[in-house]
Amino acid sequence: MSPHVLILGGTTEARLLAAALTARPGIQVTTSLAGRVSRPGALDGEVRVGGFGGPDGLAAWLREESVDAVVDATHPFAATITGNAAAATAAARVPLLVLRRPGWQPGRGDRWHPVPSLEAAAAVLPALGRRVFLSTGRLGLAAFAGLTELSFVVRSVEPPEPPLPPHTHVLLARGPFTVADETALLREHRVDVLVTKDSGGAATSAKLAAARDLGLPVVVVRRPPLPEDVTALPDVPAVLNRLDAALGRRSR
């Protein structure tokens, strides 16, 4: 029977991993998407859309579909999914690999203010600026809804979910963006502080370079911790190497 790998997807790395695995003969690949984006990009292999019903539902699905390994390649801030994956794979006795692109690191000239959560970001904003570029995605904006004295520019792929801050201008756009794009946006909207999650990767890092060039403070929301006994691999080649070892052990 062909090895079956489940990828918990939604990121560029998940798409690259699915392509690499489906190019190998004799491997069944299923990518699971949460369904929060209405038009996801094309994926190699089988695609499943929607939740599993928590860790118990996922564990049952792993058993029913004879899954041999799970790769969590979700967004670094998808803490609930990662926690469910850790619990489900432990229950089903299936290997779990977590693929996480490395986080960003501040460089010379950066004015970063690291915080542990969106709520903490909202708490420090009034002391840093009045016109905010809020680049944290469309979920969780309720944390900023009480900041009635500030103006926000919110950018996301899909329309954001309320409640929103009362003075909010929404931009619907999908990256990647260049430094020139981000610099023009910050200047056009007279932004004086940027808020972002530490998503890592090059696709959305241009805004950090633009903020640095303009001398703007940046509030950086740190990533949630991984579940106990779970470590992350930084890229697709590292995951492929670890999968070879995991699938080889299960085939013996």
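The values are calculated or read from the model by the stated rules, or taken from the named source; none is laboratory data. On a predicted model such as this, the values are computed, not experimentally measured, just so you know. Virtual Cβ from ideal backbone geometry, glycine too; neighbours counted across all protein chains shown. The area values use the complete protein model at the heavy-atom level, side chains included, leaving out ligands, DNA and RNA. Shrake-Rupley method; radii C 1.70, N 1.55, O 1.52, S 1.80 Å.
Criterion first (among the charged types (D, E, K, R), in contact with a strand residue (DSSP E or B) (Cβ under 6 Å, 6 or more places away or on another chain) and either modelled with pLDDT of 95 or more or not in a loop (DSSP other than H, G, I, E, B) (or both)) does R249 satisfy it?
No; evaluated as a whole, the condition is false for this residue.
Taken over the stretch 88-112, the residue count meeting the criterion of being farther than 28 Å from A59 by Cα, in contact with a helix residue (DSSP H, G or I) (Cβ under 6 Å, 6 or more places away or on another chain) and surrounded by 14 or more Cβ atoms within 10 Å (Cβ to Cβ) is 1. When G140 is tested against (1) touching a residue at least 40 places away in the same chain (Cβ under 8 Å); (2) small (G, A, S); (3) on the phi > 0 side of the Ramachandran plot, only condition (1) is not met.
Mind telling me which of the residues V71, V124, V67 ends up being β-branched (V, I, T), in contact with a His (Cβ under 9 Å, 6 or more places away or on another chain), touching a residue at least 40 places away in the same chain (Cβ under 8 Å) and open to solvent by less than 40 Å² (accessible area, probe 1.4 Å)? Of the residues listed, the single one that is β-branched (V, I, T), in contact with a His (Cβ under 9 Å, 6 or more places away or on another chain), touching a residue at least 40 places away in the same chain (Cβ under 8 Å) and open to solvent by less than 40 Å² (accessible area, probe 1.4 Å) is V67.
Which residues, counting only those in the stretch 125-167, are assigned to a loop (DSSP other than H, G, I, E, B) and hydroxyl-bearing (S, T, Y)? Hits for the stretch 125-167 are T136, T148. Of everything in the stretch 15-37 that is under 16 Å from G50 (Cβ atoms) and small (G, A, S), the residue that is nearest to the chain's Cα centre (by Cα) is A34.
Here is the figure for the stretch 209-238: residues that are crowded, with 18+ Cβ neighbours inside 10 Å, more than 17 Å from the chain's Cα centre (by Cα) and part of a helix (DSSP H, G or I) total 3.
Taken together, the residues in the stretch 171-197 that are outside any helix (DSSP H, G or I) and exposed (fewer than 15 other Cβ atoms within 10 Å of the Cβ) amount to 7.
Would you mind telling me which numbered condition in (1) surrounded by fewer than 18 Cβ atoms within 10 Å (Cβ to Cβ); (2) closer than 23 Å to V195 by Cβ; (3) out of contact with any Gly (no Cβ under 8 Å at 6 or more places or on another chain); (4) not aliphatic (A, V, I, L, M) G53 fails? Here G53 clears every test but (2). Cβ separations smaller than 9 Å between residues 6+ apart or across chains give the following pairs from the stretch 169-188 residues that are closer than 18 Å to R131 by Cα to residues that are modelled with pLDDT under 95 and open to solvent by 70 Å² or more (accessible area, probe 1.4 Å): V170/P159.
So that you can scan it fast, the table gives a plain yes or no per residue for (1) within 30 Å of P95 (Cβ to Cβ); (2) of a type in the set (D, E); (3) in contact (Cβ under 8 Å) with a residue 24 or more places away in the chain:
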site: F133; (1), (2), (3): no, no, yes
site: L147; (1), (2), (3): no, no, yes
site: S151; (1), (2), (3): no, no, no
site: V157; (1), (2), (3): no, no, yes
site: V193; (1), (2), (3): no, no, yes
site: G201; (1), (2), (3): yes, no, yes
site: D213; (1), (2), (3): no, yes, yes
site: V219; (1), (2), (3): no, no, yes
site: D235; (1), (2), (3): yes, yes, yes
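Restricting T82, T89, T22, T30 to those that are touching a Pro at 6+ places or on another chain (Cβ under 9 Å) and over 30 Å from A206 (Cα atoms) reduces the list to T89.
Return a yes/no flag: does the stretch 41-48 have any residue that is surrounded by fewer than 14 Cβ atoms within 10 Å (Cβ to Cβ) and at positive phi. Break it down stepwise before answering.
Looking only at the stretch 41-48, we keep the residues that are surrounded by fewer than 14 Cβ atoms within 10 Å (Cβ to Cβ), and these are 41-42.
Narrowing the set further to residues that are at positive phi leaves none.
So far as the stretch 41-48 goes, no, none of its residues is surrounded by fewer than 14 Cβ atoms within 10 Å (Cβ to Cβ) and at positive phi.
The criterion of being farther than 23 Å from T136 by Cα and surrounded by 18 or more Cβ atoms within 10 Å (Cβ to Cβ) holds for L17.
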